[in-house]
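Take a look at the structure set out below.
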Amino acid sequence: MLEKTKLLIGAYYIDNPKFAQIDEIFKYISDEGEPITNELDEIQKQFLNSQIAEFKESYSFLEKNRPNLLKINNEELSKVFINMIDKFYEEFNLKNCDKPKVSIVKKFPHPFENANYKAMNFNEHQAEKFNVEKGIYLLEKYTAHGISEIMLAHELMHFVVGEMTKKNNQISQSPFFEEGIVDFMGLYLLLKYNFIDEKCIKNWLIFGRGNCTENYIGSIYFRESKQILWIAKTSGIEEVIKIIKSGQNGLSNLSMKNYCDKKVEPTKDEFLNKLISYYDYALTNFSISAKENYVFKNTLNLVNGKNLDELLLNELEKEEIEQVINNLTKKGLMYIVDKKVYNPNNCSIDTMKIKLI
Ligand SMILES: [Zn+2]
């Protein structure tokens, strides 16, 4: 198995992960599992290496304790996929519709051969527009139990939305809400039917989706999920399903105004409760850079305050330290009083999302 995929699997199965942004960090790891460091400074390199060490450790843990999980091949994965498609179709009464073809490919069809996604779906309209076969494509190098199911669930939900849309209403770019709602519903059904370990879903949301830099494509999905989360909290999963059934047309006409005076209603749906709590936790994240993380961690417990000159941080010049501390001060993580720097924290805040670059 590709070294990079091993690291990725390790990341999704760990109980209490100590890593930052899985997807963003993976852009700086080669297929051989080596750090790609030419764009990185010393602190960023250090940070990336520490993250790779965590991924490796969690993969060896899996290798030892869950060997069956790692032996899964494409054929077995396809069986899981068939099962998933059946259940998803049942939920949306699509039993008589054609099932999507799921292809595991080395490269996406032209013109997407260089796209940096793990999976893609082409509805009828898109398939015609780009002259590719309708269906779901998963990139082979990322296929692994616990990750592929999440990718498929997302694409399968796009497929369902497509099926719910009349062909002449289908559009080639998803309307706002579509990415968020397919993510949300896909994860809900994965939880409901227990297709994968819950911790994969939790890690995916907290350290994958919910933890990306603002300009990273994954964060679009997650930001759109906020509205869906609100709809689910106030109006239940039935409302989410109803919206999906309205297809792309319904999604592009969806207005949050219809939900603004609704109140959060407790639900007995244990899967929805679980999913909501994962999203809520992921949304407690706030963002700091690798450098800010470095300074913050190296100045823990500065209860009595120190002058800048007294802070010995080998990797940084004094001016740089000052700038980073100013940033941390703006974020409320450190304080400067009478030119003395204070950091009254004893440990780093575990919901900080750390940007590599
Ligand atoms: Zn999508």
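Please go through the stretch 90-104 and give me each residue that is free of Cβ contacts under 8 Å to residues at least 60 places away in the same chain and either aliphatic (A, V, I, L, M) or in a helix (DSSP H, G or I) (or both), ordered by number. Show your work before the answer.
Going through the stretch 90-104, the residues free of Cβ contacts under 8 Å to residues at least 60 places away in the same chain turn out to be 90, 93, 95-96, 98-104.
Result: Glu90, Val102, Ile104.
So which of Lys291, Lys306 is among the basic types (Lys, Arg) and touching a strand residue (DSSP E or B) at 6+ places or on another chain (Cβ under 9 Å)?
Values: Lys291 fails: touching a strand residue (DSSP E or B) at 6+ places or on another chain (Cβ under 9 Å).
Testing whether each residue is among the basic types (Lys, Arg) and touching a strand residue (DSSP E or B) at 6+ places or on another chain (Cβ under 9 Å) leaves just Lys306.
Within the stretch 141-150, can you find the residues that are surrounded by fewer than 23 Cβ atoms within 10 Å (Cβ to Cβ) and either within 14 Å of the ligand (Cβ to nearest atom) or free of Cβ contacts under 8 Å to residues at least 40 places away in the same chain (or both)?
Correct list: empty.
So Leu138 ticks every box in (1) in contact with a helix residue (DSSP H, G or I) (Cβ under 8 Å, 6 or more places away or on another chain); (2) away from the ligand (no atom under 12 Å from the Cβ); (3) at pLDDT 90 or above; (4) part of a helix (DSSP H, G or I) but one. Which box is left unticked?
(4)
Check whether at least one residue in the stretch 209-221 is crowded, with 18+ Cβ neighbours inside 10 Å, on the phi < 0 side of the Ramachandran plot and among the aromatic types (Phe, Trp, Tyr), and report yes or no.
yes
Restricting to the stretch 164-178, and then to whatever is modelled with pLDDT under 90 and either buried (at least 24 other Cβ atoms within 10 Å of the Cβ) or in a helix (DSSP H, G or I) (or both), can you tell me which residue is farthest from the ligand (Cβ to nearest atom)?
Looking only at the stretch 164-178, we keep the residues that are modelled with pLDDT under 90, and these are 165-176.
Filter once more, keeping what is either buried (at least 24 other Cβ atoms within 10 Å of the Cβ) or in a helix (DSSP H, G or I) (or both): 167-169.
Values: Lys167: 19, Asn168: 22, Asn169: 18 Å.
Restricting to residues being modelled with pLDDT under 90 and either buried (at least 24 other Cβ atoms within 10 Å of the Cβ) or in a helix (DSSP H, G or I) (or both), the top hit is Asn168.
How many residues are touching a residue at least 40 places away in the same chain (Cβ under 8 Å), of a type in the set (D, E, K, R) and under 16 Å from Gln44 (Cα atoms) when one looks only at the stretch 19-34?
Going residue by residue through the stretch 19-34, those that are touching a residue at least 40 places away in the same chain (Cβ under 8 Å) are 19-25, 27-28, 31.
Next, from what is left, pick out any that are of a type in the set (D, E, K, R): 23-24, 27, 31.
Next, only the ones that are under 16 Å from Gln44 (Cα atoms) stay: 23-24, 27.
Qualifying residue count, the stretch 19-34: 3.
With respect to Ser78, is the statement that it is assigned to a helix (DSSP H, G or I) and either more than 16 Å from the ligand (Cβ to nearest atom) or surrounded by 13 or more Cβ atoms within 10 Å (Cβ to Cβ) (or both) true?
So Ser78 fits the description; yes.
Tell me yes or no: at least one residue of the stretch 105-126 is surrounded by 19 or more Cβ atoms within 10 Å (Cβ to Cβ), within 13 Å of the ligand (Cβ to nearest atom), in contact (Cβ under 8 Å) with a residue 40 or more places away in the chain and outside any helix (DSSP H, G or I).
For the stretch 105-126, residues surrounded by 19 or more Cβ atoms within 10 Å (Cβ to Cβ), within 13 Å of the ligand (Cβ to nearest atom), in contact (Cβ under 8 Å) with a residue 40 or more places away in the chain and outside any helix (DSSP H, G or I): present.
Taking the condition within 11 Å of the ligand (Cβ to nearest atom), touching a strand residue (DSSP E or B) at 6+ places or on another chain (Cβ under 8 Å) and either of a type in the set (A, V, I, L, M) or farther than 29 Å from Leu2 by Cα (or both), does Leu156 pass? It would help to see each step written out before you state the result.
On the way: within 11 Å of the ligand (Cβ to nearest atom): yes; touching a strand residue (DSSP E or B) at 6+ places or on another chain (Cβ under 8 Å): yes; either of a type in the set (A, V, I, L, M) or farther than 29 Å from Leu2 by Cα (or both): yes.
It is true that Leu156 is within 11 Å of the ligand (Cβ to nearest atom), touching a strand residue (DSSP E or B) at 6+ places or on another chain (Cβ under 8 Å) and either of a type in the set (A, V, I, L, M) or farther than 29 Å from Leu2 by Cα (or both).
The values are calculated or read from the model by the stated rules, or taken from the named source; none is laboratory data. Keep in mind the model is a prediction, meaning the values are calculated, not measured. When we count neighbours, we look across all protein chains shown, and the Cβ atoms used for this are built from the backbone with ideal geometry, even at glycine.
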